[in-house]
1. Within the stretch 3-61, track down each residue that is at pLDDT 85 or above, open to solvent by less than 60 Å² (accessible area, probe 1.4 Å) and among the aliphatic types (A, V, I, L, M).
2. Quick one: count up the residues across the stretch 62-74 that are open to solvent by 50 Å² or more (accessible area, probe 1.4 Å) and closer than 12 Å to Pro25 by Cα.
3. Please specify each residue of the stretch 79-93 satisfying the condition of being of a type outside the set (Lys, Arg) and surrounded by 15 or more Cβ atoms within 10 Å (Cβ to Cβ).
4. Can you tell me which residues in the stretch 72-84 are out of contact with any Leu (no Cβ under 9 Å at 6 or more places or on another chain) and assigned to a strand (DSSP E or B)?
5. Could you give me the residue pairs with C-beta distances under 6 Å whose first residue belongs to the stretch 67-91 and is more than 17 Å from Ile41 (Cβ to Cβ), whose second residue is basic (Lys, Arg) and surrounded by fewer than 17 Cβ atoms within 10 Å (Cβ to Cβ) wherever it lies, and which are 6+ apart or on separate chains?
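The values are calculated or read from the model by the stated rules, or taken from the named source; none is laboratory data. Because the structure is a prediction, the values reported are computed rather than measured. Here the Cβ positions follow ideal geometry from the backbone for every residue, glycine too, while neighbour counts run over all protein chains shown. Note: accessible area is taken over every heavy atom of the protein model, side chains too, but ligands, DNA and RNA are not part of it. Shrake-Rupley method; radii C 1.70, N 1.55, O 1.52, S 1.80 Å.
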Amino acid sequence: MMTNENIFDEEKTNDSDSNPIEIKPEQLSSEILQSIIEEFIQREGTDYGNFEASLDLKIQQIQRQLNKKEIHIVFDPTTESVNLMTKSEFLKRVKDLG
């Protein structure tokens, strides 16, 4: 007989096989893209060294990296969340799951 705990663990295991889905910046409205970038900056608490960069500067830096395709916007079906990943992080995650 399965307990609720076992069912939950089994569902979690099956969901972890989902590949991340890349979202191109041009697929998003400017407002949604802005929100994703701001949320990432606030969540990550990125260290900028000896000076504190303004939110506007951090946004510009991330937008520049997105334009150069150095970072990717990724939807994770397992967690149902959106995140930013470096190109190498994204490729490694896809390779590990594929």
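1. Scanning the stretch 3-61 gives Ile23, Leu28, Leu33, Ile36, Ile37, Ile41, Leu57, Ile59.
2. Residues flagged as open to solvent by 50 Å² or more (accessible area, probe 1.4 Å) and closer than 12 Å to Pro25 by Cα within the stretch 62-74 amount to 6.
3. Initial filter on the stretch 79-93 (of a type outside the set (Lys, Arg)): 79-86, 88-91.
Those that are of a type outside the set (Lys, Arg) and surrounded by 15 or more Cβ atoms within 10 Å (Cβ to Cβ): Val82, Asn83, Leu84, Met85, Glu89, Phe90.
4. The initial filter retains those residues of the stretch 72-84 that are out of contact with any Leu (no Cβ under 9 Å at 6 or more places or on another chain), namely 75-83.
Listed by number, the residues that qualify are Phe75, Asp76, Ser81, Val82, Asn83.
5. none
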